[in-house]
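Trainee: Please find one structure pasted underneath; my questions will follow.
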Amino acid sequence: MPKLVVPVLTGTDTLRLFADEVELIGFVLDIKVNKKEFREYPAYRFFADDTIIVLVVFPEISMHHPPLSTIDDRSMRRMSVNKVEKLISTSLN
C-alpha cells in the first residue's frame, strides 16, 4: 500500500511516496476537457492515513481552462494556494 510521508502534510516542499511497484501509484486518468472530449493525464494514487489521494498532473496551460465535472459538465472548482494552506492548517488542528 503506497504511503505519503507525514512531513509533507506539515509544510515541507518535497513529496515523498513509498511503494514497492510504481504501478501502485502511477496511472493514466481520462479527464473530461469539454462536452465532447476526454484527454489522458498522468495521475498518482496514494494514502494519507485512511484517505485515498489522487493527484492528477495537468499542463500549466490548463490552469485557465479547468476540466469539466462528469456530473454536471461545469468547470471543476479550484482553490487558491491560500485556501489550500488554510484547509490543511485547519485539518491538522
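Throughout, read-outs are computed from the coordinates displayed, never taken from laboratory work. Keep in mind it's a predicted model, so treat the numbers as computed, not measured. Neighbour counts run over all protein chains shown; Cβ positions are idealised from the backbone, glycine included.
Trainee: Filter segment 39-93 down to the residues that are among the β-branched types (Val, Ile, Thr) and touching a residue at least 40 places away in the same chain (Cβ under 8 Å) and list them by number.
Mentor: ILE53, ILE88
Trainee: Further question: Considering only segment 35-69, how many residues are basic (Lys, Arg) and either in contact with a His (Cβ under 9 Å, 6 or more places away or on another chain) or surrounded by fewer than 12 Cβ atoms within 10 Å (Cβ to Cβ) (or both)?
Mentor: 2
Every residue, every condition in (1) within 29 Å of ALA19 (Cα to Cα); (2) small (Gly, Ala, Ser); (3) touching a strand residue (DSSP E or B) at 6+ places or on another chain (Cβ under 7 Å), yes or no:
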residue: ILE31; (1), (2), (3): yes, no, yes
residue: LYS36; (1), (2), (3): no, no, no
residue: GLU40; (1), (2), (3): yes, no, yes
residue: ILE52; (1), (2), (3): yes, no, yes
residue: PRO59; (1), (2), (3): yes, no, no
residue: HIS65; (1), (2), (3): no, no, no
residue: ASP73; (1), (2), (3): no, no, no
residue: ILE88; (1), (2), (3): yes, no, no
